[in-house]
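S.K.: The structure under discussion is supplied below as structure tokens; questions concerning it will follow.
Just so it is clear, none of the values below were taken in a lab; they were calculated from the coordinates. Note that the structure is a prediction, hence the values are computed from the model and not measured. Positions of Cβ are backbone-derived with ideal geometry, glycine not excepted, and every protein chain shown enters the neighbour counts.
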């Protein structure tokens, strides 16, 4: 069952933690793909120097300022798409980066998209999982309560928190324990 809008209308830390064990699904013309979310990171808007929305509303970050439950995607290193879930209420610009998945449905299609057969590394990073699920820049603003991309209830997994990865530029915020990982 798809997660309701209310799931996303909570603070980014809660959403990030509770996304662990949920199933991210894409339904595209070439097929259905999905995976269990096993790693996330919360980005807490104007309180968080690591967040894209930290410095305010721009054309790129306007999606953060709407209600939670929409997709924010961006290109990193000029080649990888990162998939984020917008969290919280309107005008509270928080989001959750989906960092890793355990593949479930459409594994053959995922391996074709990635050009890899190693299941262990198939969705082991934000760019990898976006490519495997067919997520492109065109997903910016997609409704997670829609039909193209959505999140379903999944499994109950144990969760640990750690500091986030690759955000040394964020000063003290780099050490905030806002990364959540499945420990199972």
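S.K.: Would you work out the relative contact order for region 5-152, in percent, from Cα pairs under 8 angstrom that are 6 or more residues apart?
M.R.: Computed over region 5-152, the figure is 29 percent.
S.K.: Testing the spin-label approximation: label points 7 Å from Cα along Cα→Cβ at residue 14 and residue 57. State their distance in nm.
M.R.: A separation of 2.4 nm, rounded to one decimal place.
S.K.: Would you please put 92-105, 166-179 in order of how densely packed they are, using the mean number of other Cβ atoms within 10 angstrom per residue and starting with the highest?
M.R.: On the way: 92-105: 23.4, 166-179: 14.8.
Put in order of decreasing packing, that is 92-105, 166-179.
S.K.: Just to be sure I understand the model, the point goes 7 Å from the Cα along the line to the Cβ. What's the resulting residue 160 to residue 79 distance in nm?
M.R.: 3.1 nm
S.K.: Using the count of nearby Cβ atoms within 10 Å as a rough guide to exposure, how do 85, 15, 73 rank from fewest to most? Present the calculation step by step, with values, prior to reporting the outcome.
M.R.: On the way: 85 28, 15 25, 73 20.
Fewest-to-most ranking of 85, 15, 73: 73, 15, 85.
S.K.: Rounded, prolate or oblate: which one fits region 97-184, using the alpha carbon gyration tensor with axes a ≥ b ≥ c (rounded when a/c is under 1.5, else prolate when a/b beats b/c, else oblate)?
M.R.: Cα axes put region 97-184 in the prolate bin.
S.K.: May I pose another question? Which FRET efficiency value, to the nearest 0.05, do you get for residue 140 and residue 46 by plugging their Cβ-Cβ distance into 1/(1 + (r/R0)^6) with R0 = 25 Å?
M.R.: After rounding to 0.05, the efficiency reads 0.75.
S.K.: Follow-up question, since we're still on this one. Would you calculate the separation in nanometres between label points at residue 5 and residue 175, each defined as 7 Å from the Cα along the Cα-to-beta-carbon direction?
M.R.: Result for the modelled spin labels: 4.1 nm.
S.K.: Now for a separate question. Fewest to most neighbouring Cβ within 10 Å: what's the order for 72, 77, 54?
M.R.: By the 10 Å Cβ count, ascending: 77, 54, 72.
S.K.: Further, regarding this structure: Could you work out the percent of alpha carbon pairs in region 5-152 separated by over 20 Å, rounded to a whole number?
M.R.: Percent of Cα pairs beyond 20 Å in region 5-152: 42.
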